[in-house]
Structure formats: C-alpha cells, structure tokens
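Input: a single structure, listed below in structure tokens.
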Amino acid sequence: MIKHIFKVLPIVALVFTAFAFVACSSDDDNDVPPQKETLKSLEAGFRASLSSNLFEYFNVEATITNKTTGESRKEVLKSSTAETSRFTATTLPQTYTLQYHFTKKADAPATVSFKEIAVSCKGIYSYTGSKGSFITNRLYNASGLTYRLEGIEDVPIDDVLEVLNGGTFEYSLSEKDVLFE
C-alpha cells in the first residue's frame, strides 16, 4: 500500500500545484476599466478669410463670442486672413460664434464693382487632455459654407454692406469631437 501511495503522491502534488497556480492567479488586468480621457485645457477661436479687395472700401470688425459663457470680444481685422484671439475652457460642450461687421470707409464710392467677393471662416482649437494634445481647423459646419458674391457691377455700396453683414459663423465642441477613444 505504501508503494501505491508513493506512486500516487507525485500525481496528487502536481494537481494541487496546478490548482494553486490557477487559484492564485489574478484577473486584475481584465478588471481594470480603461482610463477615461479628461480635458485639461481647450483654446478655441476662428480663422477669418475674406477677399482682399474688401479692404479697399470697407473696415472689418469681427465679434467673437463664447456662447457657453457669454464672453464676447470685438477685434479689427486688417488682413484677408486673420486669426482671432482664443477663448480658454476646461469643460465641454462649448459653442463659439463669429460675426463680421463691415463699415464703409469715408472715401468709399456710392456704387462698387467686384468680380467676386468671398467671406468665410473656420473654427480653430487647441486641445490638451490626459491622453494627448492636438491643434486643428474645423469648418464651422460640415459643408464649409463660404458666402460668395460674383459679378457685382455698379451696385450701391449700402446693398453690398447689407449682404455682407448678414451672416454668423458658429461651431460647437463636445466630448465626442475632441476626446480620444
């Protein structure tokens, strides 16, 4: 009988050893939820884009607003492509708007002619989060709409002003727009 015990004993020892490894192993790697991305800072503004020939007859001011906080700024644009100042945020969602305001210069004629006028805008933002950072341009909407007037000949300048001052560019940022998966 003792011979049989010595034959079975190594098998029993192997079974207990295997069971001990399985019982003591940890499933902690599978139980740890993925770390959620968190926003550290967001700077958002606009990149204005205007036909350079507009500056011949008009002064251009942009009103940029953070609609989420109500903060608003006015900035004079001096070139056909200009970047506005940026708003800083640490929470999402955020919504930003830009509205151009054109005024005619003192020496502007009563009627104007343009082959083409284009007014557009892109949102810009810099994002820093717990998993990384990036800077991007964002069309204010999916179609990237540009206000364009063509073939303007001897049109009263006040009529052109009315059309140019009619639009607002807006974009919103939510977690799904900026956070890494």
Report every pair of residues separated by at least 6 positions or lying on different chains whose Cβ atoms are under 7 Å apart, first residue within region 86-109 and farther than 19 Å from N137 by Cα, second aromatic (F, W, Y).
F102/F58; T103/F58; K104/Y57; K104/F58; K105/Y57; K105/F58; A108/Y57
Test: residue in region 123-135 that is on the phi > 0 side of the Ramachandran plot and either assigned by TED's automatic domain parsing to the domain that holds S172 or not in a loop (DSSP other than H, G, I, E, B) (or both):
yes
Kindly indicate which of S130, S143 is surrounded by fewer than 16 Cβ atoms within 10 Å (Cβ to Cβ), at pLDDT 85 or above and under 27 Å from T88 (Cα atoms).
S130
In region 97-113, which residues are modelled with pLDDT of 95 or more and touching a strand residue (DSSP E or B) at 6+ places or on another chain (Cβ under 8 Å)?
H101, F102, T103, K104, K105, A108, A110, T111, V112, S113
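The values are calculated or read from the model by the stated rules, or taken from the named source; none is laboratory data. All values reported here derive from a predicted model rather than from experimental measurement. Cβ atoms come from the backbone with ideal geometry, glycine included; neighbour counts cover every protein chain shown.
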